[in-house]
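Peer 1: One structure, as structure tokens, below. Some questions next.
The values are calculated or read from the model by the stated rules, or taken from the named source; none is laboratory data. Everything numeric in this text was worked out from a predicted model, so none of it was measured. Note that we place each Cβ from the backbone using ideal geometry, even for glycine, and neighbour counts take in every protein chain shown.
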Amino acid sequence: MQPEAEFVHWLFATGFLVLGVCLLAESVVGPDVWGRSIWRAYLWPGAMFVMGVCMWPVMILFTNSTIHMVAHSAWAQVLMLSGGAELALARGKLRSPYWHLTVGLALVVSGAASLVHEQNDWLFSRAAFVHHAMGWVMIAGAIFPIARTFRPRSFALGAGFAATLLVISVLLYSHRDVAEIFGHISPIAGTPHR
Amino acid sequence: MRAPALLFAVAAGLSLPGAAFAHASLEQPSPGYRERLASSPPAVVLRFDQEVTAFPDSIVVLNSQGRVLSDQAALTANRRAVLAPLRKLPRGAYTVRWHILSSDGHPVSGLYTFGVGVAAPPPTEAFGASGPTRAEDIVRWAYFLSLSLVVGGLGFALLVLRGVPPQLSQRLYKLIGLGIVATLEVGIVGFIMRAEGALQLPFRKLLYADLTPIASGTRLGSAFTAMTMGFVIVSVLVYLAWLFDKVVLLWPALLLALGLASGLSLSGHQAADRGSSAATELADWIHLSAALLWVGGLAVLALCVWPLARELRRTAFLRFSRLATLLIAALLGAGIYLSIVRLPAVDDLWTTRYGEVLLVKVGLVSVALLWGAFHHFVARPTLASAEPSGWPTRLGRSLLGESSIAMAILLVAAILVNSKPPG
């Protein structure tokens with residue numbers, strides 16, 4: 001059994017949407033108010049960890065190319081690492097604030113994997129555009145969680161991190177393999193499906 | 001509705017807006033992967049999920065001697081399938097090697113097998129596929145070492161320490177965690193290396209090679225799938241045990257890890273070669289599980305207990321000594337049985353490569369047994385009566401020495417597993 005890949009993209013888009021909304025809410029109300037209910041402290045780290053676990057079946061099921069398999073395993077591992085580290089920080093099992101840097105690391109690795117596994121130019125098709133855009137958004141957006149490690153109460157950095165995740169979510173929702181991008185599609189990309 | 005339930009409902013709704021198309025992939029090959037046909041098919045047809053570009057040599061069908069039996073390939077009218085007419089194929093096994101340019105511009109390659117009147121071999125034994133290399137021996141060794149850290153670490157914590165003492169918690173969980181991560185990583189590397197051996201593609205083409213026939217059509221692929229997903233679950237259980245200080249979660253992790261070790265037994269010589277049976281599979285699993293518990297346990301004793309918990313040394317050593325006696329008995333019993341099955345004639349030991357490697361393994365096992373016997377019959381009674389000064393430090397070094405021999409045994413075992421038994 002292999003689910004449609006687009007379906008999988010949308011599932012993870014929903015995951016990033018949840019992460020982005022949670023982080024935006026935390027930035028708006030502040031960490032003190034956000035942390036009044038204990039389950040909220042575990043919410044987005046837990047979601048990130050679960051997304052990492054859920055990425056493994058994707059890696060195993062989509063073996064139609066080596067590069068996709070490797071890229072998906074990289075995403076699975078960094079999501080589990082960063083989600084796990086944030087959960088452990090929330091729980092008090094880890095104490096060093098530098099563990100927050102794993103989130104920035106996850107974005108950099110994920111962005112690099114997205115760029116490396118896409119071999120076509122930006123305007124080849126919408127899938128190519130989304131992979132390039134997502135890769136650079138992740139790499140550029142990594143600055144927010146990295147800087148937030150040193151200024152954890154900054155609204156701008158928290159909101160910037162949330163916005164990064166929301167943009168990733170929108171990009172994943174708009175992912176189509178063979179579809180136009182800004183009215184353009186490569187003649188060798190095949191007939192658009194949508 | 002409560003907030004978490006509302007959040008879940010919204011997330012579910014956003015995730016289910018229907019399905020669309022995906023990355024280019026081979027949807028339907030004809031003949032199918034490892035299909036056994038009664039008579040010669042007229043052509044090989046590969047149907048893809050989107051338009052592709054084909055070349056005259058996009059499909060090449062070879063017999064077991066490497067003779068090409070297909071004519072030039074061409075696209076069908078809808079440009080989503082490639083067809084290569086075949087000459088009349090006699091009874092035998094055939095290899096299909098294909099490559100196309102997918103609609104998104106990526107070159108995609110693959111390989112699979114089918115049989116006419118005979119069972120098709122797995123893709124790893126297709127024409128042109130190479131056997132395991134030296135690098136794969138090292139990767140297999142790394143896999144055994146990683147598994148031993150997971151299984152041995154969990155086994156030592158639960159069966160010897162009967163919990164996770166606070167002074168050992170950090171290092172013990174680090175060792176087990178390292179073992180799990182390495183098991184996953186080395187498993188992926190090993191699978192790709194085996195696929196490379198079957199596909200015989202340069203690195204760049206290998207990146208876009210279709211691994212589906214190997215992932216879904218071979219014992220290796222099934223074991224890789226089950227073991228990868230299984231060890232992800234093991235990682236979650238161990239992580240939660242550490243996060244919430246719930247040692248009880250380590251029990252399912254240990255049982256699952258031991259069960260997953262059977263993936264190697266069910267995909268190796270003891271399951272696939274002539275003379276294999278449920279008994280050889282079971283014996284191989286017992287042999288492997290006992291080895292993993294023994295080697296990993298030794299490593300934990302030498303690297304965790306000895307340097308970090310002086311007060312636990314005596315108890316841990318005595319308990320592990322008792323457990324090791326059982327493990328060695330199981331290891332030897334299963335190992336001797338498997339040797340008799342695989343090498344029915346005594347002279348196979350020095351006339352075949354498999355026998356020679358087995359002899360080296362037996363030699364190393366003998367050294368380890370002597371070392372273990374010294375610990376059991378000399379060190380153990382001394383420790384049981386009292387703790388004389390000077391002994392613990394020397395015993396710690398001695399345990400490291402025994403661990404090194406055990407790791408060398410795993411290296412030879414890796415070479416043995418990758419060698420073809422005679423017959």
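Peer 1: Take segment B:58-97 and flag every residue that is more than 12 Å from B:PHE127 (Cβ to Cβ) and either of a type in the set (Val, Ile, Thr) or in contact (Cβ under 8 Å) with a residue 60 or more places away in the chain (or both).
Peer 2: Selection gives B:ILE59, B:THR76, B:VAL82.
Peer 1: Filter segment A:116-142 for residues that are away from chain B (no Cβ under 14 Å) and over 20 Å from A:PHE182 (Cβ atoms) and give the result.
Peer 2: To start, the set of residues in segment A:116-142 that are away from chain B (no Cβ under 14 Å) comprises A:133-142.
Matches in segment A:116-142: A:MET138, A:ILE139, A:ALA140, A:GLY141, A:ALA142.
Peer 1: Could you please give the count of residues in segment B:167-199 that are within 11 Å of chain A (Cβ to nearest Cβ) and farther than 22 Å from A:LEU61 by Cβ?
Peer 2: Counting residues in segment B:167-199 that are within 11 Å of chain A (Cβ to nearest Cβ) and farther than 22 Å from A:LEU61 by Cβ gives 4.
Peer 1: When both residues are 6+ apart or on different chains and their Cβ atoms are under 6 Å apart, which pairs have a first residue that lies in segment A:87-106 and is away from every other protein chain (no Cβ under 12 Å), and a second that is outside any helix (DSSP H, G or I) and not polar (S, T, N, Q)?
Peer 2: Pairs that qualify, where the first residue is away from every other protein chain (no Cβ under 12 Å) and the partner is outside any helix (DSSP H, G or I) and not polar (S, T, N, Q), are A:GLY104/A:ALA142.
Peer 1: Ok, one more. Quick one: in segment A:147-183, of everything that is among the basic types (Lys, Arg) and in contact (Cβ under 8 Å) with a residue 40 or more places away in the chain, which residue is nearest to A:VAL28 (Cα to Cα)? Step through it out loud before you land on a result.
Peer 2: Keep residues of segment A:147-183 that are among the basic types (Lys, Arg), which gives A:148, A:151, A:153, A:176.
From what is left, the residues that are in contact (Cβ under 8 Å) with a residue 40 or more places away in the chain are A:148, A:153, A:176.
Values: A:ARG148: 15, A:ARG153: 11, A:ARG176: 33 Å.
Step by step, filter segment A:147-183, then rank; the result is A:ARG153.
Peer 1: Being under 14 Å from the mean Cα position of the chain (by Cα), touching a residue at least 12 places away in the same chain (Cβ under 8 Å), at the interface with chain B (Cβ under 8 Å from one of its Cβ atoms) and crowded, with 21+ Cβ neighbours inside 10 Å narrows it down to one of A:TRP10, A:TRP56, A:TRP75, so name that one.
Peer 2: A:TRP10
Peer 1: Just for segment A:19-42: of the residues that are crowded, with 22+ Cβ neighbours inside 10 Å and of a type in the set (A, V, I, L, M, F, W, C), which one is farthest from the other protein chains (Cβ to nearest Cβ)?
Peer 2: The extreme case among them is A:LEU23.
Peer 1: Return the residues of segment B:64-84 that are within 38 Å of the chain's Cα centre (by Cα) and either in a strand (DSSP E or B) or closer than 13 Å to B:ALA54 by Cβ (or both); say none if nothing qualifies.
Peer 2: B:VAL68, B:SER70, B:ALA73, B:ARG80, B:ALA81, B:VAL82, B:LEU83, B:ALA84, listed by residue number.
Peer 1: Right, next: How many residues are surrounded by fewer than 18 Cβ atoms within 10 Å (Cβ to Cβ) and touching a Gly at 6+ places or on another chain (Cβ under 8 Å) if we restrict to segment B:348-370?
Peer 2: 1
Peer 1: Read through the list (1) farther than 21 Å from B:ALA182 by Cα; (2) in contact with a Leu (Cβ under 6 Å, 6 or more places away or on another chain); (3) assigned to a loop (DSSP other than H, G, I, E, B), then give the number of the only condition that A:THR63 fails.
Peer 2: (1)
Peer 1: Provide a single number: the residues in segment B:225-258 that are among the aromatic types (Phe, Trp, Tyr), within 17 Å of B:THR183 (Cβ to Cβ) and more than 8 Å from chain A (Cβ to nearest Cβ).
Peer 2: 1
Peer 1: Return yes or no: is B:PHE203 surrounded by 24 or more Cβ atoms within 10 Å (Cβ to Cβ) and outside the structural domain of B:TYR33 (by TED's automatic domain parsing)?
Peer 2: no
Peer 1: Right, here's the next one. So, of the residues in segment A:60-72 that are crowded, with 21+ Cβ neighbours inside 10 Å and either more than 8 Å from every other protein chain (Cβ to nearest Cβ) or in contact (Cβ under 8 Å) with a residue 60 or more places away in the chain (or both), which turns out to be nearest to B:ASP210 (Cα to Cα)?
Peer 2: Selected residue: A:PHE62.
Peer 1: Sticking with this structure for a sec: If we scan segment A:143-161, do we find a residue that is within 14 Å of chain B (Cβ to nearest Cβ) and in contact with a Lys or Arg (Cβ under 9 Å, 6 or more places away or on another chain)?
Peer 2: No, every residue in segment A:143-161 fails to be within 14 Å of chain B (Cβ to nearest Cβ) and in contact with a Lys or Arg (Cβ under 9 Å, 6 or more places away or on another chain).
Peer 1: State whether the residues of segment B:106-126 include one that is within 14 Å of chain A (Cβ to nearest Cβ), in contact (Cβ under 8 Å) with a residue 24 or more places away in the chain and either in a helix (DSSP H, G or I) or of a type in the set (Phe, Trp, Tyr) (or both).
Peer 2: Yes: segment B:106-126 contains one or more residues that are within 14 Å of chain A (Cβ to nearest Cβ), in contact (Cβ under 8 Å) with a residue 24 or more places away in the chain and either in a helix (DSSP H, G or I) or of a type in the set (Phe, Trp, Tyr) (or both).
Peer 1: Here is a further query. It is to be established whether one or more residues within segment B:200-215 are without any contact (Cβ under 8 Å) to a residue 40 or more places away in the chain, facing chain A (nearest Cβ under 9 Å) and β-branched (Val, Ile, Thr).
Peer 2: The answer is no; no qualifying residue exists.
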